[in-house]
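S.K.: Right, I'll just put the structure down here and ask away after.
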Amino acid sequence: MALALRGCVLLKLFHFRRLLVLSSLLRRSLSRWAAGPARPGRFPCRYAVGLDRMTLTVSAATRTHARSAPPLDMSISGSIVFSSPNPKTKNKPTTSVTGLAPCSRTSPCASSPPTGRGMMEGAVLCAANHAPLTPLSFLDRSALVYPDRPAVVAAAGDAPARTWRETRARCLRLAAALAGLGVQRRHVVAVFAQNVPAMCELHFAVPMAGAVICALNSRLDAAMASVLLRHSEARVLFVDAALLGVAREALRLLSDAGATPPVVVLITELLDGCDDEGSTPSPGASAEHEYEALVSRGGPPEFAARWPADENEPIALNYTSGTTSRPKGVIYSHRGAYLNSLAAVLLNDMPSMPVYLWTVPMFHCNGWCMAWGVAAQGGTNVCLRKVTGAAIFDAVSRHGVTHMGGAPTVLGMIVHAAPEERRPLPAGRKVAVMTGGAPPPPVVLFRMEALGFLVIHSYGLTETYGPATVCTWRPEWDALPAGERAAIKARQGLHHLGLEVDVKDPATMRSVPADGATMGEVMFRGNTVMSGYYKDAAATAEALAGGWFRSGDLAVRVPGDGYVKIRDRSKDIIISGGENISTIEVEAALFAHPAVAEAAVVGRPDEHWGETPCAFVVAKKGERVEPEEVVAFCRGRLPRYMAPRTVVVVEELPKTATGKVQKFALRDKAKAMGSLSTSKL
């Protein structure tokens with residue numbers, strides 16, 4: 001054994017001279033590379049010796065002439081590899097040279113492939129052929145390609161639009177101002193605002209400062225807002241003046257809990273009026289800074305945008321809506337946001353220079369990533385604070401809107417708008433509307449089509465950066481009857497280009513057959529799945545177990561095309577007498593009733609059946625709904641066990657700010673009614 005080891009060492013020393021020659025060659029290569037646009041730095045060498053390999057790494061640190069660019073590190077590695085001792089073969093060394101450089105403008109990142117692995121001889125990874133993916137690049141390009149095109153405008157009022165040139169300049173000044181407030185890389189900057197122009201700008205300005213944007217739900221109460229501010233450890237809080245009252249109370253609760261409150265910046269642009277209570281808050285109160293003053297002040301003239309060193313760095317922290325449990329902080333990366341923004345542009349069939357109406361809350365998955373996606377196409381952001389049917393028609397007519405989005409609730413506002421509230425749509429084309437959040441009833445899709453809107457049905461979650469699947473339309477479906485077309489559009493479809501979707505048995509992880517009957521859990525994997533839950537490693541591990549993100553949604557695969565069709569949330573399925581009842585199917589039957597505007601179904605306790613469907617319905621304006629008649633209507637369209645046995649007429653359904661019905665609140669109401677078998681109802 002000792003003799004063999006000594007022989008191995010002597011063999012390596014024999015070839016060490018070859019490694020020194022290789023060192024000289026690599027130094028010359030780096031010296032030539034560093035000449036010209038960069039000034040050469042030092043060329044340190046590093047040697048490593050293993051049982052079967054001797055490796056040399058020569059590094060160079062250079063600085064380009066661009067003042068805003070940080071130093072660029074580059075390294076080239078060479079190896080002399082020895083084959084395993086074998087008496088039948090000669091122990092011939094092989095020499096290979098591979099390049100390894102960072103995936104950033106600074107230093108190598110953890111995601112770079114190891115030296116020599118997965119790369120061909122002569123290939124290098126350097127600043128010339130690799131840059132971190134980030135949606136910040138969309139803003140830079142639009143400022144060059146569409147400098148004088150409108151970028152941001154208020155839906156109502158006479159305020160002039162800001163161009164892409166102006167928007168980029170404002171975002172850069174705001175980023176510099178944030179740096180002046182002490183904001184550093186990976187610090188969280190929270191925004192508590194509705195769909196105002198400042199929200200668009202902050203989606204670029206905050207990451208340009210190297211920070212992470214945390215757009216808070218504008219319908220949060222003070223208690224929850226304080227919880228999220230404390231959990232996120234936000235250093236700065238931008239507050240919409242219309243939400244100042246809630247923000248004040250949230251900051252008081254934060255201080256009472258012993259946490260350090262963030263620096264407050266007040267956004268005083270009210271756009272179309274007042275807050276939900278109808279009172280106009282006094283601007284400038286209880287804030288250390290005012291938004292426009294901060295933008296005007298900016299920072300040092302030499303400030304340069306802090307681009308991510310690694311595309312996997314966080315760009316956003318989004319808290320889940322809380323419809324099923326306590327909100328969790330979902331981490332988005334620059335890479336994921338870049339890819340999902342482009343996927344969203346494709347899903348929306350969005351050409352260059354679109355006009356996008358903001359009916360999707362920008363705090364929800366960063367507006368389904370369209371806060372960045374519109375910039376990718378040099379489009380116009382039409383900001384709408386209050387979403388109503390009348391406001392939508394007015395904005396579409398006034399600004400020539402080409403695209404918009406929203407939950408089925410938004411579609412309901414459009415189809416139920418009064419005749420005097422409607423305006424003619426742009427001639428010659430339909431307005432594309434992406435919808436998601438809940439499966440839209442086929443009857444609503446049919447009515448949207450009749451009004452001149454092209455509905456694109458998507459499906460996704462906060463953990464998938466928003467929309468992750470789309471019901472891609474096929475030309476052969478155009479000839480189908482209207483009812484069948486609407487039913488097809490109600491499917492969730494298949495995944496977009498950034499990831500893949502499957503419906504699996506959660507116990508065996510086997511894909512379910514495309515038979516339209518076998519239910520499984522919808523699962524995702526790919527480049528646009530979240531990085532994880534902030535400060536919650538256990539929840540992250542559970543959600544991503546088995547290499548797939550588990551959505552908690554139950555679905556089937558449709559025969560023929562394999563499209564995904566959601567049956568229900570696993571928590572929302574009603575089990576009555578051993579039968580699974582999809583609340584979505586019952587709700588679709590309710591929406592077909594001519595007097596029903598909205599409907600939601602949950603399980604109600606039943607001593608005999610376990611639970612039975614309980615429907616909460618909202619009547620259309622000027623219509624009257626009788627519970628007994630609704631039950632009879634549903635029994636004519638559904639198997640008897642699926643038809644609701646209880647119908648409750650309400651003024652409105654409890655919803656999140658994104659339009660999702662809060663079924664946990666309705667389940668509590670149904671539970672409070674008691675068992676149907678013993679109740680007087």
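S.K.: State all residues of region 118-155 that are in a loop (DSSP other than H, G, I, E, B) and either among the aromatic types (Phe, Trp, Tyr) or touching a helix residue (DSSP H, G or I) at 6+ places or on another chain (Cβ under 7 Å) (or both); if no residue qualifies, say none. Step through it out loud before you land on a result.
M.R.: In the first step, residues of region 118-155 are kept if they are in a loop (DSSP other than H, G, I, E, B); the result is 118-135, 146-149, 155.
Answer for region 118-155, where residues must be in a loop (DSSP other than H, G, I, E, B) and either among the aromatic types (Phe, Trp, Tyr) or touching a helix residue (DSSP H, G or I) at 6+ places or on another chain (Cβ under 7 Å) (or both): PRO132, LEU133, THR134, PRO135, TYR146, PRO147, ASP148, ARG149, ALA155.
Quick grid of which residues meet (1) touching a helix residue (DSSP H, G or I) at 6+ places or on another chain (Cβ under 9 Å); (2) among the acidic types (Asp, Glu); (3) modelled with pLDDT under 95:
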site: ILE213; (1), (2), (3): yes, no, no
site: GLU233; (1), (2), (3): no, yes, no
site: ALA259; (1), (2), (3): yes, no, yes
site: LEU294; (1), (2), (3): yes, no, no
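S.K.: Just to be sure I understand, how many residues within region 424-473 are within 26 Å of ALA592 (Cα to Cα), part of a loop (DSSP other than H, G, I, E, B) and touching a residue at least 40 places away in the same chain (Cβ under 8 Å)?
M.R.: 7
S.K.: How many residues does region 295-311 hold that are part of a helix (DSSP H, G or I) and surrounded by 15 or more Cβ atoms within 10 Å (Cβ to Cβ)? Write out each step before concluding.
M.R.: Our first condition is that a residue be part of a helix (DSSP H, G or I); within region 295-311, this holds for 295-297.
Checking the rest, the ones that are also surrounded by 15 or more Cβ atoms within 10 Å (Cβ to Cβ) come to 295.
Of the residues in region 295-311, 1 are part of a helix (DSSP H, G or I) and surrounded by 15 or more Cβ atoms within 10 Å (Cβ to Cβ).
S.K.: In addition: Kindly indicate whether GLY577 is at pLDDT 90 or above, on the phi > 0 side of the Ramachandran plot and small (Gly, Ala, Ser). Quick ask: steps written out before the conclusion?
M.R.: Numbers: at pLDDT 90 or above: no; on the phi > 0 side of the Ramachandran plot: yes; small (Gly, Ala, Ser): yes.
Against the criterion (at pLDDT 90 or above, on the phi > 0 side of the Ramachandran plot and small (Gly, Ala, Ser)), GLY577 does not qualify.
S.K.: Among the numbered criteria (1) modelled with pLDDT under 90; (2) touching a Ser or Thr at 6+ places or on another chain (Cβ under 9 Å); (3) buried (at least 22 other Cβ atoms within 10 Å of the Cβ); (4) not polar (S, T, N, Q), which single criterion is violated by HIS496?
M.R.: (1)
S.K.: Something else about it: Can you name the residue in region 156-191 that is charged (D, E, K, R) and either in a loop (DSSP other than H, G, I, E, B) or under 23 Å from the mean Cα position of the chain (by Cα) (or both) and, of all such residues, is modelled with the lowest pLDDT? Quick ask: steps written out before the conclusion?
M.R.: Going residue by residue through region 156-191, those that are charged (D, E, K, R) are 158, 162, 165-166, 168, 170, 173, 185-186.
Checking the rest, the ones that are also either in a loop (DSSP other than H, G, I, E, B) or under 23 Å from the mean Cα position of the chain (by Cα) (or both) come to 158, 168, 185-186.
Values: ASP158: 80, ARG168: 97, ARG185: 96, ARG186: 97.
Only one residue fits best here, namely ASP158.
S.K.: For region 646-666, does any single residue satisfy the condition of being among the charged types (D, E, K, R), within 26 Å of ALA417 (Cβ to Cβ) and modelled with pLDDT of 90 or more?
M.R.: Looking for residues that are among the charged types (D, E, K, R), within 26 Å of ALA417 (Cβ to Cβ) and modelled with pLDDT of 90 or more, one finds at least one in region 646-666, hence yes.
S.K.: Please specify each residue of region 388-401 satisfying the condition of being surrounded by fewer than 23 Cβ atoms within 10 Å (Cβ to Cβ) and either touching a strand residue (DSSP E or B) at 6+ places or on another chain (Cβ under 8 Å) or assigned to a loop (DSSP other than H, G, I, E, B) (or both).
M.R.: Step one: of region 388-401, the residues surrounded by fewer than 23 Cβ atoms within 10 Å (Cβ to Cβ) are 388-391, 393-394, 397-400.
Listed by number, the residues that qualify are THR388, HIS399, GLY400.
S.K.: Quick check on my filter: what residues within region 160-204 are more than 28 Å from LYS535 (Cα to Cα), in contact with a strand residue (DSSP E or B) (Cβ under 7 Å, 6 or more places away or on another chain) and among the aliphatic types (A, V, I, L, M)?
M.R.: Scanning region 160-204 gives ALA161, VAL196, ALA198.
S.K.: Any residue in region 409-418 that is more than 26 Å from ALA665 (Cα to Cα) and either in contact (Cβ under 8 Å) with a residue 40 or more places away in the chain or assigned by TED's automatic domain parsing to the domain that holds MET199 (or both)?
M.R.: Yes, there is a match, as at least one residue in region 409-418 is more than 26 Å from ALA665 (Cα to Cα) and either in contact (Cβ under 8 Å) with a residue 40 or more places away in the chain or assigned by TED's automatic domain parsing to the domain that holds MET199 (or both).
S.K.: Is one or more of the residues making up region 404-411 over 24 Å from the mean Cα position of the chain (by Cα) and either part of a helix (DSSP H, G or I) or at pLDDT 90 or above (or both)? Talk me through it step by step, then tell me what you get.
M.R.: Here is the first cut: in region 404-411, the residues over 24 Å from the mean Cα position of the chain (by Cα) are none.
Within region 404-411, none of the residues are over 24 Å from the mean Cα position of the chain (by Cα) and either part of a helix (DSSP H, G or I) or at pLDDT 90 or above (or both).
S.K.: Of the residues that make up region 140-147, is at least one among the hydrophobic types (A, V, I, L, M, F, W, C) and buried (at least 24 other Cβ atoms within 10 Å of the Cβ)?
M.R.: Just the residues of region 140-147 that are among the hydrophobic types (A, V, I, L, M, F, W, C), to begin with: 143-145.
If we keep only those that are buried (at least 24 other Cβ atoms within 10 Å of the Cβ) too, we end up with none.
No.
The values are calculated or read from the model by the stated rules, or taken from the named source; none is laboratory data. Being a predicted model, the structure only gives us computed values, none of them experimental. Note that each Cβ is placed from the backbone with ideal geometry, even for glycine, and that neighbours are counted across all protein chains shown.
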